[in-house]
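Comments concern the structure below.
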Amino acid sequence: MNYTRKRERLGDILINRGIISQEQLASALDEQKKRGLFLGETLVELGYVTQKKLNQVLCEHLNIDFVDIRITEPNDEVFNLLEESIMRKYTLIPFDYSDNNAGSIKVAMADPMNILAQDDINIVTGMQVEPYLANGRDIKSYLDKRFGKRQAQNIVEMYKREQGYTEESNDEDRARKEEIQNAPIVQLVNSIIEQAVRQRASDIHIEPFDNMIRVRYRIDGSLVEAITYDKALMQAITARVKIMSDMDISEKRKPQDGRTTVKVDNREYDIRVSNLPTIYGEKIVMRLAAKETFKRDTKELGLSDRDLVKFRNILKNPNGIILVTGPTGSGKSTTLYTALCDLNRDDVNIITVEDPVEANIDGINQVQVNVKANLTFASVLRSILRQDPDIIMIGEIRDSETAQIAVRASITGHLVVSTLHTNSTGSSISRLVDMGVEPYLLADSLAGIVAQRLIKRLCSCKKEVEATDDEKRKLGAPPERELKIYKPCGCKLCNQTGYYGRIGIYEIMQITPAIKKLISKNADASEINEQAIREGMSTLKKSAASYVMEGITSIDEMMRISYEIEE
């Protein structure tokens, strides 16, 4: 491998190749100082270059190869040549002996231009470094998995020594607030959150049982056990999480909600925390959301070109109600916040009422519901109408009073965006009528409805098969058509699940004059859906079927979504 040790700045390399401009580099360098990231990571975060293009340029310039550490299992003998502290300090992993040089080792590095790191490895191991480029996030995730349990056990032992723990100790005595602020427990909770983020988890479940604590992560919609801890730590973990999320540490009998913000790998995450008393202690669930997730461009939602045009047309309405519907965890909040970011301009007054506020957005006035202070959705909405708003966002329409105020606000010249827990676009109209909204008012106020789900993407290990006659029937394809589809397999990258990541499917109903007539006549959901389909609406099932035929997801995932809709 012809690797040169000459250090050239990444920014200069990218400018010389015409990939970024001088202005973009200056902007990225300013942002890098604030965030403390590698320059490459900052450029990717700002959208100036894709990770794939950045990797390609660096590999070509340095004459080195890229290694995907998610699917490469390091040689244990080589991996153990370095201490964890060095690997974490420089964000690297030694993974094999060199093919060409007996005195060299292959090292996956987030920054292969770091000469100091290579010199340190040479001093510690007595071997030369053959650098490979790898994604820093993947390296950190691998190190978490490799050292996570050992690190957690060390923290547990340290905590027990500090507390003088014995099996006969009184649980309540160990829950004193001053004990909880011990560094070991702070480290342990931080470690749980960091590992969840690096494994792409959307939720963390910390569950107490009779003789242990179980920690599970929800990854791509499914819960996966991450680690178990000694039951002695439950009181301490619970109290630490309560302190972080501004809950009442002394209240152990009632459910509580809170929120906090943490930084992992110099990226900010909003965390919604819920705790629930169970027979063995308080169960904690933390929902994770990266702040930039809620600040996407509408193009990044995964909408088809046709649906993207429809979605943007709906957002152009100066007044009316726009609803985003679907079950919990279907990505409604992301769609809603993306729409708000799209509408957020200096000449527009946007006010939200949420329970809870999921992410802070610059330039938008956000109000948190507080039942104890009589700040309900309905009471806040009445006050908002006196604040000269152009756009009102309601976190969720839960009751008749909120629904009727939303309708009145939209008819009086405001744009109202909100969510509703229903299965499809047509059933959302029936739900609002059931809440007491008059059909003629609803017909007048509705601008558009977006129903959505998240389905799992097939991993790259997927296997191509010929679709059976039954599968063709489910996909709406003629029996005589030759149709190849893909089935999940399982590999190291997807943790043997066959799936990696998720993608949204959408059903977008624009409220046309014909649909308005049906709503005002109080037509049922099926009639309204049939009219929308005649006018070109693609149903959730049809959207999922197109992803199956494109090889993005499996027919099993499509049937799971179809079952949810029919339910």
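The values are calculated or read from the model by the stated rules, or taken from the named source; none is laboratory data. What you are looking at is a predicted structure, and each value in this text was computed from that prediction instead of being measured. Every residue, glycine as well, gets a Cβ built from its backbone with ideal geometry; the counts of neighbours run over all protein chains shown. Side chains included, ligands, DNA and RNA excluded: accessible areas come from the protein's heavy atoms. Shrake-Rupley method; radii C 1.70, N 1.55, O 1.52, S 1.80 Å.
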Do we have any residue at all in region 423-446 that's assigned to a strand (DSSP E or B), within 21 Å of Ile391 (Cα to Cα) and open to solvent by less than 10 Å² (accessible area, probe 1.4 Å)?
yes
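Yes/no matrix, rows are residues, columns are (1) open to solvent by 10 Å² or more (accessible area, probe 1.4 Å); (2) within 25 Å of the chain's Cα centre (by Cα):
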residue: His205; (1), (2): yes, yes
residue: Tyr217; (1), (2): no, yes
residue: Glu225; (1), (2): yes, yes
residue: Ala232; (1), (2): no, no
residue: Gln235; (1), (2): yes, no
Pairs with Cβ under 9 Å, 6+ apart, first in region 43-69 and in contact (Cβ under 8 Å) with a residue 40 or more places away in the chain and assigned to a helix (DSSP H, G or I), second open to solvent by 80 Å² or more (accessible area, probe 1.4 Å) and not hydroxyl-bearing (Ser, Thr, Tyr):
Asn55/Phe66; Val57/Arg17; Leu58/Phe66; Cys59/Phe66; His61/Arg17
Here's a check for you: in region 291-334, which residue that is touching a Lys or Arg at 6+ places or on another chain (Cβ under 6 Å) and small (Gly, Ala, Ser) is nearest to Thr425 (Cα to Cα)?
Gly326
Qualifying residue in region 104-111 (condition: in contact with a Phe, Trp or Tyr (Cβ under 8 Å, 6 or more places away or on another chain), assigned to a loop (DSSP other than H, G, I, E, B), at pLDDT 90 or above and open to solvent by less than 60 Å² (accessible area, probe 1.4 Å))
yes
In region 496-517, anything among the charged types (D, E, K, R), open to solvent by 60 Å² or more (accessible area, probe 1.4 Å) and either free of Cβ contacts under 8 Å to residues at least 60 places away in the same chain or not in a helix (DSSP H, G or I) (or both) is listed as Arg502
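Conditions (1) among the hydroxyl-bearing types (Ser, Thr, Tyr); (2) open to solvent by less than 20 Å² (accessible area, probe 1.4 Å); (3) at pLDDT 95 or above, marked per residue:
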site: Lys521; (1), (2), (3): no, no, no
site: Asp524; (1), (2), (3): no, no, no
site: Ile528; (1), (2), (3): no, yes, no
site: Ser546; (1), (2), (3): yes, no, no
site: Glu550; (1), (2), (3): no, no, no
Restricting attention to region 140-159, does a residue exist that is at pLDDT 85 or above, open to solvent by 30 Å² or more (accessible area, probe 1.4 Å) and under 30 Å from Glu358 (Cβ atoms)?
yes
Looking only at residues that are open to solvent by less than 80 Å² (accessible area, probe 1.4 Å) and charged (D, E, K, R) in region 54-69, which one is farthest from Gly126 (Cα to Cα)?
Asp68
Unique residue being assigned to a loop (DSSP other than H, G, I, E, B) and among the charged types (D, E, K, R) when the list is Lys492, Lys472:
Lys492
Per the list (1) within 21 Å of Gly36 (Cβ to Cβ); (2) in contact with a Gly (Cβ under 7 Å, 6 or more places away or on another chain); (3) open to solvent by 30 Å² or more (accessible area, probe 1.4 Å), residue check on Gln128 breaks on (1)
Just to be sure, is Arg534 surrounded by fewer than 15 Cβ atoms within 10 Å (Cβ to Cβ), of a type outside the set (Phe, Trp, Tyr) and either closer than 30 Å to Asp220 by Cα or more than 27 Å from the chain's Cα centre (by Cα) (or both)?
yes
State yes or no: is Ile449 buried (at least 18 other Cβ atoms within 10 Å of the Cβ) and in a strand (DSSP E or B)?
yes
Being assigned to a helix (DSSP H, G or I) and either at pLDDT 80 or above or within 30 Å of Val241 (Cα to Cα) (or both) is the filter here; which residues of region 288-300 pass it?
Lys291, Glu292, Thr293, Phe294, Lys295
Do we have Gln24 as open to solvent by 80 Å² or more (accessible area, probe 1.4 Å) and part of a helix (DSSP H, G or I) here?
no
Return the residues of region 70-80 that are open to solvent by 60 Å² or more (accessible area, probe 1.4 Å) and either in contact (Cβ under 8 Å) with a residue 60 or more places away in the chain or among the hydrophobic types (A, V, I, L, M, F, W, C) (or both); say none if nothing qualifies.
Arg70, Ile71, Glu73
Cβ-Cβ under 6 Å, sequence separation 6+ or interchain: first residue in region 345-374 and without any contact (Cβ under 8 Å) to a residue 24 or more places away in the chain, partner of a type in the set (Ser, Thr, Tyr). Which pairs?
Gln366/Thr352
Hey, could you check region 244-281 for residues that are farther than 18 Å from Pro356 by Cα and not in a loop (DSSP other than H, G, I, E, B) and say which is modelled with the lowest pLDDT?
Arg267
Out of (1) closer than 26 Å to Val264 by Cα; (2) open to solvent by 40 Å² or more (accessible area, probe 1.4 Å); (3) modelled with pLDDT of 90 or more; (4) assigned to a loop (DSSP other than H, G, I, E, B), the odd one out for Lys89 is which?
(4)
